Amino acid sequence: MSQYTEPRSANTSPTMRVDVGGTRFAYRQFGPDTGVPVVFLHHFTAVLDDWDPRVIDGIAAQRRLITFDNRGVGGTEGRTPSTVSAMADDAIAFIRALGLEQVDLMGFSLGGFISQVIATKQPALVRRMILAGTGPAGGAGVGKFSKRLIGDVTHGLLTLQDPKPYLFFTRTANGRAAATAYMGRLKERSHDRVKPTSPRGVAAQLLAIRRWGAQDPMDLGAIQHPVLVANGEDDRMVPTSASFDLAHRLPNASLRIYPDAGHGGVFQCHEQFVPQALAFLG
């Protein structure tokens, strides 16, 4: 137990479990124990260990922060749902299982899809939202696998490398340097790591993403919550234009676009994003 006497940082906070309708969900907590918590919902294939420590620790310096693996992902039991709606239901059940009455949401990529549905299904549960590297249901290019995206994934597979440096960052000198630094940060945690998402889980998430892109657009005007939309200027996974679309259609949204950055713009530009996020969350 002595290793956790220090403040709960991204690289030291223990992985905990909570029962959600008979399924054990894995999660971690950071920052103070008071105030409205910020719940992070992560991207396609991601697990607890894929959050950038600089973003976690930066926001947790002032806010209670919770990360978790949704059903069938990483350290959480069960079978991964194949619709965003079902993923949102599981996320709501997890939040309720922690006894929380209201939360802020930080949804990145697939997590941004889920956040939009949570705000629609349970508006009173949500206070504010950050939607990063994401887009609306049925939006142009959302849930589509472009030739550039497929090429990035294939390159990673052929070189036996994690594709995130290709998918999340620009291919400029600045983008490549930021990708190397980011991948190094993800390796900082040396203990109590969770297992990767299984191939079955990855397939279910892919199907959910395709269905999200193919479904009819949501009535985003019904989401009255304050929203911060953020992305890089050259997102290779969810077109940056989708972020503009979100910010335009959400009635109470502001937009931040980071230059020479891609899908992982909030990680690449964490020194700008963290204070902006804290100011927005207020």
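The values are calculated or read from the model by the stated rules, or taken from the named source; none is laboratory data. All values reported here derive from a predicted model rather than from experimental measurement. Positions of Cβ are generated from backbone atoms using ideal geometry, with glycine treated the same way; all protein chains shown enter the neighbour counts.
Quick notes
- Residue that is modelled with the lowest pLDDT, among those in segment 42-81 that are among the hydroxyl-bearing types (Ser, Thr, Tyr) and under 12 Å from the mean Cα position of the chain (by Cα): THR45
- Scanning segment 17-58 for residues that are under 30 Å from PRO163 (Cβ atoms) and either of a type in the set (S, T, N, Q) or without any contact (Cβ under 8 Å) to a residue 60 or more places away in the chain (or both) yields ARG17, THR23, ARG24, ARG28, GLN29, PHE30, THR45, TRP51, ILE56, ASP57.
- Of the residues making up segment 87-111, those that are under 16 Å from LEU65 (Cα atoms), under 9 Å from the mean Cα position of the chain (by Cα) and assigned to a helix (DSSP H, G or I) number 1.
- Residues (touching a residue at least 40 places away in the same chain (Cβ under 8 Å) and assigned to a helix (DSSP H, G or I)) located in segment 118-142: ALA119, THR120, PRO123
- Yes/no for GLN272 being closer than 21 Å to ASP50 by Cα and without any contact (Cβ under 8 Å) to a residue 24 or more places away in the chain: yes
- For segment 253-282, filtering for residues that are small (Gly, Ala, Ser) and surrounded by 20 or more Cβ atoms within 10 Å (Cβ to Cβ) leaves 5.
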